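Chemist: Before anything else, here's the structure in question.
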Amino acid sequence: MKVKVKLFATFRKGRFKEEVFDYPEGTKVKDVVKQLSLPVKELGIIFINGKHVSLEVELKEGDVLSIFPLVGGG
Amino acid sequence: MRNFNAIDRKEQEELKRSHVLVAGCGGLGGYVISYLARLGVGKITAFDPDEFAEHNLNRQIFADMSTINKSKVEVVKEALSLINPEVEFKGIKARFEEGFEEMWESDIKVVVDALDSIPSRLELAGICREKKVPLVYGMVGGWYGEVGTQFPGDETLENLCRMGIKGQGIEKEEGVLSFVVGGTAALQAAEAVKVILGRGEILHGKVLFFDFLEMESEVLELA
């Protein structure tokens, strides 16, 4: 299944802004995070098609997955 | 006050009667307070336990060679007396979580988060929920800023920070750029003023993510 992955802020460094990947059925958000070597402790918010989701959610054909790092300074 | 028609006379009077609480007088807090004072907000209470230090010079508006080692709330008080002497400013040299109960006043219309850690922010969100007061939150790191407004009963900030309850985000490695602080604080001041005046579009249940490097922004639904 094809899924568009969009990365934001520092997660783009050495990776990409957005790319379409072909994942096997049953792939979860956490599998994508692992495959892209995104540091879990830097994870902020994750969206699928504009809806806030957890790492355990399964992806579906045509999903747009957006991953933001945690920003916490003031 | 010379805000002309953007804020009309009645609204200007409303601002003059309003009390805003700002948690933190460092990066975001310094800018937010100066914006609110110039807008004519009548009463501002701010918390900060710290003194200015050399490492604040890169991004904190009231940090300079003459204010290093001085109490942030004292420096802000002095600065406001020059910017707008009509502002009734109360600076409390303490962490917000420690001092709020004693100084809480029922006329506080909105609280602005200018804290620098996620656990403190979540605590602040809890207090605002209990006191039934809207909270304008802001977070910065590197080239990136986030802003939104949480009303009592919302859990936007909790959703936003769920994965980061351990403490800090990318700012730990990236630092924070001066204009990201100023820009994010400007958006927070705008939100606070709109909450007071009941005007315009508020980032309710949403977060505005701003990327100053790519000049991109996203409004994310978090309700």
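Chemist: What residues qualify as long-range amide H neighbours of A:Thr27, i.e. H under 5 Å apart, gap of 5 or more or another chain, H built at 1.01 Å from N?
Modeler: Residues meeting the criterion, in which the H sits 1.01 Å from N, are A:Leu59.
Chemist: Further question: What are the ³J(HN,Hα) values, in whole Hz, obtained from phi via the Karplus relation 6.51 cos²θ - 1.76 cosθ + 1.60 with θ = phi - 60°, for each residue of region B:113-129 in sequence order, with x given for Gly and Pro?
Modeler: Here the 3J(HN,Hα) series is 7, 10, 8, 10, 9, 5, x, 5, 4, 5, 5, 4, 4, x, 5, 5, 5 Hz.
Chemist: Here's another thing I want to ask about it. Probe 1.4 Å, all protein chains in place: accessible area of B:Leu222 in Å², nearest 10?
Modeler: 0 Å²
Chemist: If you don't mind, another one. Counting only protein heavy atoms, what percent of the accessible surface of the protein assembly as shown is carbon or sulfur at a 1.4 Å probe?
Modeler: 51 percent
Chemist: Quick check: net charge around B:Glu221, other residues with Cβ under 9 Å of its Cβ, Lys/Arg +1 and Asp/Glu -1? Display every interim value, and only then the final one.
Modeler: Working: positive: A:Lys51, B:Lys206; negative: none.
Neighbour charge sum, excluding B:Glu221 itself: +2.
Chemist: What does the protein assembly as shown give for Rg and for Dmax, in Å, if only its C-alpha atoms count?
Modeler: 19.9, 65
Chemist: Full-extension gain between B:Glu201 and B:Phe179, please, as 0.36 nm times their residue separation minus the C-alpha to C-alpha distance. Mind dumping the intermediate values first?
Modeler: On the way: separation 22, 0.36 × 22 = 7.92 nm, distance 2.36 nm.
Answer, rounded to one decimal: 5.6 nm.
Chemist: Which ³J(HN,Hα) values in Hz, rounded to whole numbers, follow from the phi angles of region B:6-11 under the Karplus curve 6.51 cos²θ - 1.76 cosθ + 1.60, where θ = phi - 60° and Gly and Pro get x?
Modeler: My calculation for region B:6-11 gives 4, 10, 7, 4, 5, 5 Hz in order.
Chemist: Can you list residues from other chains, or at least 5 along the same chain, whose modelled amide H is less than 5 Å from the amide H of B:Ile170?
Modeler: It is A:Leu70, A:Val71, A:Gly72, by chain and number.
Chemist: Considering every pair of different Cα atoms, what Kirkwood radius, in Å, is found for chain B? Could you put the intermediate results ahead of the total?
Modeler: Details: mean 1/r = 0.0576 Å⁻¹.
Final number for the Kirkwood radius of chain B is 17.4 Å.
Chemist: Further question: Pull up the cross-link candidates among the lysines for A:Lys28, meaning alpha carbon to alpha carbon under 17 Å and not fewer than 8 places away within one chain.
Modeler: Counting by Cα, and skipping residues close in sequence, A:Lys28 has these lysines nearby: A:Lys2, A:Lys4, A:Lys6, A:Lys51, A:Lys60.
Chemist: Can you list the residues of region A:56-74 that have at least 10 square angstrom less accessible area with all protein chains present than in their chain by itself, probe 1.4 Å?
Modeler: By number: A:Phe68, A:Pro69, A:Leu70, A:Val71, A:Gly72, A:Gly73, A:Gly74.
Chemist: If you don't mind, another one. At a cut-off of 10 Å², which residues of region B:126-150 become less accessible once all protein chains are present than in their chain alone, using a 1.4 Å probe?
Modeler: B:Met139, B:Val140, B:Tyr144, B:Glu146
Chemist: Right, something else. If you take the accessible area of A alone plus B alone and subtract the pair, what total do you get in square angstrom, rounded to 100, with a 1.4 Å probe? Each step should come with its number before you reach the end.
Modeler: On the way: alone 4740 and 11070 Å², together 13550 Å².
When A and B are taken together, about 2300 Å² of accessible area is lost.
Chemist: How high is the relative contact order of region B:99-214? Use alpha-carbon pairs under 8 Å, at least six apart in sequence, and give a whole percent. Write down the numbers at each step before the final one.
Modeler: Values: 175 pairs, mean separation 36.6, N = 116.
Relative CO of region B:99-214 lands at 32 percent.
Chemist: Shifting gears a bit: Return the loop-located GluC sites (Glu not before Pro) in region B:118-217 (DSSP other than H, G, I, E, B) with at most 13 other Cβ atoms within 10 Å of their own Cβ; answer none if there are none.
Modeler: Working: sites: B:Glu123, B:Glu130, B:Glu146, B:Glu155, B:Glu158, B:Glu171, B:Glu173, B:Glu174, B:Glu191, B:Glu201, B:Glu214, B:Glu216; in loops: B:Glu155, B:Glu201, B:Glu214.
Counting only loop positions with at most 13 other Cβ atoms within 10 Å, the GluC sites (Glu not before Pro) in region B:118-217 are B:Glu201, B:Glu214.
Chemist: Across region B:50-55, in residue order, what do the Karplus-derived ³J(HN,Hα) couplings come to in whole Hz, using 6.51 cos²θ - 1.76 cosθ + 1.60 with θ = phi - 60° and x for Gly and Pro?
Modeler: 9, 9, 5, 9, 4, 6
Chemist: Could you report region B:1-118's accessible area per residue, 1.4 Å probe, as an integer in Å²? List each step's numbers first, then the result.
Modeler: Details: 5820 Å² over 118 residues.
Heavy-atom SASA per residue in region B:1-118 reads 49 Å².
Chemist: Follow-up question, since we're still on this one. Putting +1 on Lys and Arg Cβ atoms and -1 on Asp and Glu Cβ atoms, find which of B:Leu82, B:Gly126, B:His55 reaches farthest to the positive end of the dipole of region B:54-129.
Modeler: The residue sitting farthest along the positive end of the dipole is B:His55.
Chemist: Would you please name the trypsin sites (Lys or Arg not before Pro) within region B:167-199 that are DSSP coil residues with at most 14 other C-beta atoms within 10 Å of their C-beta?
Modeler: Numbers: sites: B:Lys172, B:Lys194, B:Arg199; in loops: B:Arg199.
Qualifying residues, ordered by number: B:Arg199.
Chemist: Would you please give the residues with an amide H less than 5 Å from that of B:Glu51, counting only those at least 5 places away or on a separate chain, with H modeled from the backbone geometry?
Modeler: It is B:Lys72, by chain and number.
Chemist: So which aspartates and glutamates can A:Lys30 reach, going by Cα to Cα under 14 Å and dropping same-chain residues fewer than 8 places off?
Modeler: A:Glu42, A:Glu56, A:Glu58
Chemist: May I ask you to list the lysines whose Cα is less than 20 Å away from that of B:Lys194, ignoring any residue fewer than eight positions away on the same chain?
Modeler: B:Lys10, B:Lys16, B:Lys43, B:Lys109, B:Lys131, B:Lys132, B:Lys206
The values are calculated or read from the model by the stated rules, or taken from the named source; none is laboratory data. Because the structure is a prediction, the values reported are computed rather than measured. Don't worry about glycine lacking a Cβ; one is built from the backbone with ideal geometry, like all the others, and counts go over all protein chains shown. In case anyone asks, the SASA skips ligands and DNA or RNA and just uses the protein heavy atoms, side chains included. Shrake-Rupley method; radii C 1.70, N 1.55, O 1.52, S 1.80 Å.
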